[in-house]
Amino acid sequence: MVNFRKYISSVAVLASGFFLAQSTVSTVLYSQAYDNQKNSLNLPSPVSSVVERTVLSAKELVDINVNTMMTDPVLKNASWGFVVYDPKTKKVISSYNENTPLVPASTTKLLTTETALNLLGENYRWMTQLEYSGTVDENGVLNGNLYIVGSGDPSLGTNKAGAWSYRDIISDFISGLSRDGIKKVNGDIIIQTALFKGNISMLPENVVWLENNNYYLPVGTTRGINPANEKLIVKKAGFSTDKKFFYVSPYASQMVYAEKYDGEGVLTTKLPDAPAYLANSFRTTLIKSGIPVTGKVSPKMTDAAPESRKMLSTYKSPTLGDIIYYTNQHSDNSLAEALLRTVGFQKMGDQTSESGRIVVTGHLKNAGFDMNGLNYMDGSGLSRSNNVTPISQVKFLTSLMEEKYYKSYLTSLPVGGQSGTLKRMFLGEGNGQVFAKTGTLNKVKTLAGYLKTNSGKTLVFSLMVNNYAGSVDMVKKRMEKILEPALDL
């Protein structure tokens, strides 16, 4: 917690020495007039003059800015916490409410993506294989089945992180058939994947269904959740808003909608799951290309007596490092939820959100994470039941600086003024010096990561604001104001 008493004398000297020459003092007091400026981004100027920056230390300037924000109209009634930490001395430089559990929003992805990197390695890839059973006769007729064997690739067909499109994967599969001289398929196309079985699971509690005018559905279904009780309807050009249920597909970065919602049943959509979409598109393309397929597309989750099969083609996803880069840069919710399920499957053989949560929290505990105040409910940060303290975030981020994958992890974070979700923040001071994950929900704005000071040091920080007044842009400006003097630490 900031102690400001020791700064009273220095501020008093400033005030008396420069009062006649300068209209501002080092600490700006709250005024009713400023309270009426709710639609303005103009900020108080707690440390604006060259004289103040010369007389006061960088730490004093950070503390004074934090003190000023306590009475700022946007933040004075908010729940918020801040800490800037020196990883070399292992000491807190400045803080406010650093032990208070707060809703972290998408900074939750810091925990999810690091767990995946730690447990799977940055070169991990998902495989989607094309195989066949039976024999190929002299006329090129396959008397057997084609198998599409999936592994839960969350980027399949999305073009995310350099992933191939469905069209590219299908083209490669057809090339595999040609290499083996297959001109006709006298059998079925069978989808075989034990992952995401049925895609039926309970969603995390308090998931935010309506954010930025989109419904979001993580990998899974709406069992136990009734969107009809949520605010409707999303208005989207080209979509009818009459009795339709909207959400963002977990497999594609586009809005899709359902014709109906059957109470406690499953939300039916216009887009099937990724392996089924790939298999049906593959069958259609084969037929159009002059390669007849006599059978149908059918799933086979379990196979008590598997046929002997031969490999035709293997599609490899982008590396986990590439997937995590895309996830953190774009704050991709569907990829984060898939990573949660993937680590659950790899460690527990059960690809459910619950298994994923057990694996992530277990990993964090083993890594020495400060579990006080932690409530980890989902992989993306969409649940408002997530909680974490600012001090636990910075100590966690500090511990990663010794890991072999730290460079890859750091590179995945948006850079202030330059990339990802931080491209429009820190356009002036801090440009290229702030490496951090952002988080945004309604009335929640968070930022946590690393800061490169003007002297070349690396500091770690967390800044989380819940239940603020005004707009998100107002909060972002105040975040910048709090962090700017830390660049001189």
*Please give, to one decimal in nm, the separation of the simple spin-label points placed at Asn139 and Asp180, each 7 Å out from Cα toward the Cβ.*
2.0 nm
_Name the residue from Gln393, Tyr450, Gln351 whose Cα lies farthest towards the positive end of the charge dipole of the stretch 348-489, charges +1 on Cβ of Lys and Arg and -1 on Cβ of Asp and Glu._
Tyr450
*Calculate, for Asp168 and Ser57, the FRET efficiency according to 1/(1 + (r/R0)^6) with r their C-beta to C-beta distance and R0 60 Å; round to the nearest 0.05.*
0.60
_Potential lengthening between Ser308 and Asn99 on full extension [0.36 nm per residue; Cα-Cα distance subtracted]_ = 69.4 nm
*asked:* Could you tell me the center-to-center distance, by alpha carbons, between the stretch 72-145 and the stretch 359-387 in angstrom?
replied: 12 Å
_In range of the label at Asn280: residues from the stretch 167-195 whose backbone nitrogen is under 16 Å from the point 7 Å along Cα→Cβ_ = 167, 189-192
*Please work out the average accessible area per residue across the stretch 444-486, using the 1.4 Å probe convention, and give it in Å².*
27 Å²
*Based on Cα positions only, what radius of gyration and what Dmax would you give for the stretch 291-386, in angstroms?*
18.4, 61
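The values are calculated or read from the model by the stated rules, or taken from the named source; none is laboratory data. From a predicted model like this one, the values you see are computed outputs, not experimental measurements. Positions of Cβ are backbone-derived with ideal geometry, glycine not excepted, and every protein chain shown enters the neighbour counts. Side chains included, ligands, DNA and RNA excluded: accessible areas come from the protein's heavy atoms. Shrake-Rupley method; radii C 1.70, N 1.55, O 1.52, S 1.80 Å.
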